[in-house]
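Enquirer: There's a structure below that I have some questions on.
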């Protein structure tokens with residue numbers, strides 16, 4: 001027979017053990033739910049070729065693990081250079097989506113990755129397996145995690161993550177579980193971008209242009225709103241290749257791609273349609289606004305002075321713009337834009353024409 005105090009002690013221990021087990025069970029269930037949510041997001045991320053969508057879901061998954069003060073991602077190209085710097089801002093309203101944006105003024109853009117710095121942030125687990133050193137067990141609890149993201153032995157990106165409080169080992173383990181789907185998504189995005197991008201101009205491929213035009217046409221059918229297409233053709237481009245060589249022609253195409261990318265919005269789709277022909281899809285844009293962008297591209301190119309082999313030359317471009325309006329289908333819309341382009345060529349080149357039922361209206365002038 002135990003004394004009364006011993007029975008009370010055993011009862012207290014049993015109660016504490018029961019409460020502790022229940023709390024542990026709740027934590028395990030909470031962790032399991034978060035990991036399952038991360039896994040679901042991971043599968044979704046791999047399917048999306050949109051950097052913003054990938055980062056929105058990655059930010060939401062990370063914010064379930066810890067309160068975030070910083071979420072910056074540096075995308076690394078195949079040569080080991082920083083090609084994009086993305087920052088994610090918290091939702092502007094409760095329940096709203098986080099807002100990823102590119103930092104075009106970042107001093108890191110275009111810089112090669114420092115091998116010594118990368119080595120300090122990376123732990124080698126096998127010959128082809130690398131892990132962020134900040135996530136290894138036994139390290140002190142930081143507030144900031146500097147996380148190189150590897151796909152095999154290839155550096156895909158660098159994630160700079162900062163919490164509003166110290167990040168303990170359990171949370172670091174959850175962060176580590178989030179990284180594989182994020183890395184896989186970014187690696188898939190890189191491969192998809194290579195497949196959907198014209199190598200010379202760095203604009204979208206014709207196949208991607210047609211796929212996106214189909215999507216925008218379907219969206220217009222469902223929700224309404226304007227939709228425009230612009231077609232471009234470099235003037236007398238054959239004479240550039242014949243007179244200065246194909247390297248000179250490549251130089252012109254690369255520069256046109258740079259000018260077009262700088263002029264369009266992220267929602268627009270600028271593509272190399274074939275040879276010296278280009279096309280742009282302008283969602284939610286009427287013909288006048290699209291023609292304004294096309295004319296800005298035209299004027300910028302006309303002001304360029306190209307030089308190669310001690311010789312200089314200039315190139316102009318003509319463009320035609322059409323708005324969906326009563327077009328029968330998306331092929332008809334492109335046909336109308338091409339008709340307007342033909343009208344610009346016939347009127348003297350180096351100008352932008354807008355398709356109209358009887359005649360193309362001209363915007364811009366020849367020089």
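Enquirer: For residue 102, work out the one condition from (1) over 18 Å from residue 152 (Cβ atoms); (2) exposed (fewer than 15 other Cβ atoms within 10 Å of the Cβ) it doesn't fulfil.
Expert: (2)
Enquirer: Any residue that is assigned to a loop (DSSP other than H, G, I, E, B), over 22 Å from residue 193 (Cβ atoms) and in contact (Cβ under 8 Å) with a residue 40 or more places away in the chain - is there at least one of those in region 66-74?
Expert: Quick first cut of region 66-74, residues assigned to a loop (DSSP other than H, G, I, E, B) only: 66-67.
Those left that are additionally over 22 Å from residue 193 (Cβ atoms): 66-67.
Filter again for in contact (Cβ under 8 Å) with a residue 40 or more places away in the chain, leaving 66-67.
Yes: one or more hits.
Enquirer: Continuing with this model, one more query. Please tell me if residue 304 is outside any helix (DSSP H, G or I), touching a residue at least 24 places away in the same chain (Cβ under 8 Å) and not assigned by TED's automatic domain parsing to the domain that holds residue 52. Walk me through it before giving the result.
Expert: Details: outside any helix (DSSP H, G or I): yes; touching a residue at least 24 places away in the same chain (Cβ under 8 Å): yes; not assigned by TED's automatic domain parsing to the domain that holds residue 52: yes.
Considered against the rule, which asks whether it is outside any helix (DSSP H, G or I), touching a residue at least 24 places away in the same chain (Cβ under 8 Å) and not assigned by TED's automatic domain parsing to the domain that holds residue 52, residue 304 comes out as yes.
The values are calculated or read from the model by the stated rules, or taken from the named source; none is laboratory data. Predicted, not measured: the structure shown is a model, and the values here were computed from it. Cβ: placed from backbone, ideal geometry, glycine included. Neighbour counts: every protein chain shown.
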